[in-house]
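The values are calculated or read from the model by the stated rules, or taken from the named source; none is laboratory data. Worth saying up front: this structure is predicted, and the values here are computed from it rather than measured. Backbone-built Cβ (ideal geometry, glycine too); neighbour counts: all protein chains shown. Side chains are part of the model used for accessible areas, which takes the heavy atoms of the whole protein and leaves out ligands, DNA and RNA. Shrake-Rupley method; radii C 1.70, N 1.55, O 1.52, S 1.80 Å.
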Amino acid sequence: MSPSRIVITGLIASGKSTVAEILKEKGYELISADEVNRDLIKKGGKNYLAIKKEEIFAPAFDGDHLDKKELAEIIFNDKEKMARLNEISHTNIIAAINEMVENSKEDKVFIEVPLFFKIKDRFPHDLVVLVTASRDVQIKRLMARDKIDYDFALKKIESQDELEEMKKQSDIIIDNSGDIESLRRQIEKIIKRGDFNESC
């Protein structure tokens, strides 16, 4: 029997990875779509080759070297290019995740997928956990994490401004506007209530 698939998603800089790490500390199996993509985007990987074939992404390459920061700037300044990148890369990411889940021995697997609601052909899932944070908190985290200025941080956040629609499609919502201890308490309550077991 396949494990239950519990997706962790949310807006940029909402703290999805922190939630994922806390669950991992508690012994749950975790798959990170970003880590899967990092493998696929290495030179010679499926997503690296797919991106290299696209002329619109040529400015992100210096010879055979893919500049990920340059690629990020290209897509965040052009929604059509972002959609194209998602289209060519998501299929390979989903295939890799499906294989990892099928090989798991656990009864449930958490899958951290930052852009889950933007995937056209989503993989089968049992629950969606949405991680949110106030806009001010998002901006501060993003500026610190990516070492970018306020305007670029705001632009990146606005490009994912679909929070209300995400909430409608989610089963569990975690507000990560506070500190790490507040987040831990929320997760403990969810585990105690058995909310993660509703899919099992």
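Determine, yes or no, whether ILE157 is open to solvent by less than 40 Å² (accessible area, probe 1.4 Å) and part of a helix (DSSP H, G or I).
Working: open to solvent by less than 40 Å² (accessible area, probe 1.4 Å): yes; part of a helix (DSSP H, G or I): yes.
For ILE157, the condition - open to solvent by less than 40 Å² (accessible area, probe 1.4 Å) and part of a helix (DSSP H, G or I) - is met.
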Answer yes or no as to whether LYS26 is of a type in the set (Lys, Arg) and either within 19 Å of the chain's Cα centre (by Cα) or more than 30 Å from GLN186 (Cβ to Cβ) (or both). no
Condition first: crowded, with 19+ Cβ neighbours inside 10 Å and within 16 Å of LEU40 (Cβ to Cβ). Now tell me which residues in segment 97-118 satisfy that. ILE97, ILE111, GLU112, VAL113, PRO114
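Would you check which residues across segment 79-96 are open to solvent by 50 Å² or more (accessible area, probe 1.4 Å) and over 26 Å from SER2 (Cβ atoms) and list them?
Hits for segment 79-96 are LYS79, GLU80, LYS81, ALA83, ARG84, GLU87.
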How many residues of segment 54-78 are over 15 Å from the mean Cα position of the chain (by Cα) and open to solvent by less than 60 Å² (accessible area, probe 1.4 Å)? The answer is 12
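Looking only at segment 58-99, count every residue that is in a helix (DSSP H, G or I) and either of a type in the set (D, E, K, R) or touching a helix residue (DSSP H, G or I) at 6+ places or on another chain (Cβ under 8 Å) (or both) and tell me the total. Let's see the steps before the verdict.
Kept after step one, since they are in a helix (DSSP H, G or I), are these residues of segment 58-99: 58-60, 68-76, 79-99.
Next, only the ones that are either of a type in the set (D, E, K, R) or touching a helix residue (DSSP H, G or I) at 6+ places or on another chain (Cβ under 8 Å) (or both) stay: 59-60, 68-71, 73-76, 79-82, 84-89, 92-93, 96-97, 99.
So the count comes out to 25.
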If you scan segment 12-57, which residues turn out to be touching a residue at least 12 places away in the same chain (Cβ under 8 Å) and in a loop (DSSP other than H, G, I, E, B)? ILE12, ALA13, SER14, GLY15, LYS26, TYR28, ILE41, LYS43, GLU54
Condition set among the charged types (D, E, K, R) and not in a helix (DSSP H, G or I), scope segment 160-196, selection surrounded by the fewest Cβ atoms within 10 Å (Cβ to Cβ): answer is ASP179
